[in-house]
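Trainee: Sharing a structure below in structure tokens format, with a few things to ask.
Taken together, the values in this text are just the output of simple stated rules run on the coordinates, not laboratory data. All of these numbers come straight from a predicted model, not from anything done at the bench. All Cβ positions, even for glycine, are placed from backbone atoms using ideal geometry, and neighbour counts span all protein chains on display.
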Amino acid sequence: MSPKRASASSPSRKRKLTKEEEDSRDEYSDLTEEESLPEDIPSEKKKVEKPASKRRASKKAKVEEDEESEEESTSKKGKKTQVRSKAKSKAKADVSEEEEEEKEGETTSNKQPTNKVLPVHISFPPRAPGTIRIASWNVSGLAAAEKKGFRYYLEAEDPDLLILTETKVGNEPVNPLLSKRFSHRYWSISSTKGYAGTAILSKTKPLSVSTELPGHPDPTSVKGRILTLEFETCYVVGTYVVNAGRGLKTLDAKNEWNKHFTAYIRALDAKKPVIWGGDLNVAPTEKDLSNPKPNWNKTAGYTEAETSAFARILEGTDEEGEDSTSEEKFVDIWRELHPDTRHYTYFSYRFNCRMKGIGWRLDMFVVSARLVEKVRLCEIRSEIYGASDHCPVILEIEGEL
């Protein structure tokens, strides 16, 4: 974001964040402090009335007066240009060291769309025959996303099942767009208004639905964060996982969630294969964020506690590294199919992170190991950006739910 120029007499002031920026003020921007940006504060100068020239003034005197006026104007312009040049230099100096570190960590193409509203015309390759398509998207507020082209993505993707996270709805919405496409709609709503929220929308009717995380000591805290649908062939679990917070202030709550969720997903897997999708709020490896070194053990989503907990789910081990009682392991399927690719699903609105390629891969699908051979495709829809600060992820898998 280019800083505004300061007038000669105006001091630097804190720039007020927009609503989108306030909503995205989290730990994944790689920045911990707001920049102090100079602003234009226009100063109105009173016009000084010059005494009327004498009618008898000679043409020569008038020409001399005009020349002096022109020289004075040129001098003022020169001073103004110098002031602007100084303001620009100061604004550049005000850029934080953290932002400079971000530039060094840039790894993604800057040619990705940076629009804030989705285009009307969107198209994707047709799905493989005999597969179902599951999509997951953190919409960062369903109502806001709908105003920015959510329907255009939904019409183009046409998934058989859709996981929505961070819906921020206070009640189950009456939504003709969703009800027309999905006969079965389920919502997990946070007890805090305008916060969290998870939904699963399906064309196939599930056998059962749950919004609970068994064993968790604070059931209220998990409202809006988990939904489980049981189908004939598998379980589908959608989550908006607890965030460890700025300064890791809620890391204990994240650890509590991880402990109970690990036990829960293993218990489900013992009955049927599991497809787990959503915003998992963890960058599993250094390949999953653009600037890993300065964020390690300092930023939510990329700490030893969080990455180890995620790894234990995949590897089927306990905290000591021993094999658990689970018969199967789990697979981060996008990473399995793209072992060396650095693509991200989240780009903070702050400091033009999308344009700079500064992102995190927080949204993903994890499947029971015995389902891997049935997976035909898992992709990040990097081109779908603007309706949210997250991009959708899709999974195509053989068979039926």
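Trainee: Calculate one ³J(HN,Hα) per residue across segment 297-303 by plugging θ = phi - 60° into the Karplus curve 6.51 cos²θ - 1.76 cosθ + 1.60, and present them in order as whole Hz with x for glycine and proline.
Mentor: Going residue by residue, I get 6, 10, 10, 4, x, 9, 10 Hz, with x marking Gly and Pro.
Trainee: Expected output is a single nm value to one decimal: the length gained when fully extending between Val372 and Ala128, i.e. 0.36 nm times separation in residues minus the C-alpha distance. What is it?
Mentor: Details: separation 244, 0.36 × 244 = 87.84 nm, distance 1.59 nm.
Length gained, Val372 through Ala128: 86.3 nm.
Trainee: Give the long-range amide H neighbours of Phe231: residues separated by 5 or more places, or on another chain, with amide H under 5 Å away, using H modelled in the peptide plane at 1.01 Å from N.
Mentor: Amide H neighbours of Phe231, under 5 Å, 5+ apart: Leu207, Val236.
Trainee: Report the relative contact order of segment 131-398, percent, no decimals, based on alpha-carbon pairs under 8 angstrom and at least 6 residues apart.
Mentor: Numbers: 590 pairs, mean separation 52.9, N = 268.
Computed value for segment 131-398: 20 percent relative contact order.
Trainee: Sticking with this one: Please report the orientation-averaged projected area of segment 131-398, defined via the convex hull of its C-alpha atoms, in nm².
Mentor: For the Cα atoms of segment 131-398, the hull's average projected area reads 13.5 nm².
Trainee: With bins 10 Å wide starting at 0, give me the P(r) of segment 173-236 over every alpha carbon pair, in whole percents.
Mentor: Pair shares across the bins are 21, 46, 29, 4.
Trainee: Give the separation of the Cα centroids, segment 137-189 to segment 235-273, in Å.
Mentor: Cα centroid of segment 137-189 versus Cα centroid of segment 235-273: 23 Å apart.
Trainee: When Trp360, Trp296, Trp257 are ordered from fewest to most other Cβ atoms inside 10 Å of their Cβ, what list results? Mind dumping the intermediate values first?
Mentor: Numbers: Trp360 28, Trp296 14, Trp257 25.
Listed from fewest to most nearby Cβ atoms, that is Trp296, Trp257, Trp360.
Trainee: Of the listed peptides 134-145, 374-385, 213-224, what is their order by residue-averaged count of other C-beta atoms within 10 Å, with the highest listed first?
Mentor: Working: 134-145: 22.9, 374-385: 18.3, 213-224: 15.9.
With the highest mean Cβ count within 10 Å placed first, the list reads 134-145, 374-385, 213-224.
Trainee: Determine ³J(HN,Hα), in whole Hz, for all residues of segment 281-294 in sequence, where each value follows from phi through the Karplus function 6.51 cos²θ - 1.76 cosθ + 1.60 and θ = phi - 60°; x replaces Gly and Pro.
Mentor: Values, residue by residue: 6, 8, 9, x, 9, 5, 6, 9, 8, 6, 9, x, 4, x Hz.
Trainee: Sorting Tyr346, Tyr264 on the 10 Å Cβ count, fewest up front, what's the list? Let's see the in-between values first.
Mentor: On the way: Tyr346 27, Tyr264 20.
If I rank by nearby Cβ atoms, fewest first, I get Tyr264, Tyr346.
Trainee: Based on the inverse mean of 1/r over its pairs of different Cα atoms, what is the Kirkwood hydrodynamic radius of segment 255-396, in Å? Each step should come with its number before you reach the end.
Mentor: On the way: mean 1/r = 0.0630 Å⁻¹.
One over the average 1/r among Cα pairs gives 15.9 Å for segment 255-396.
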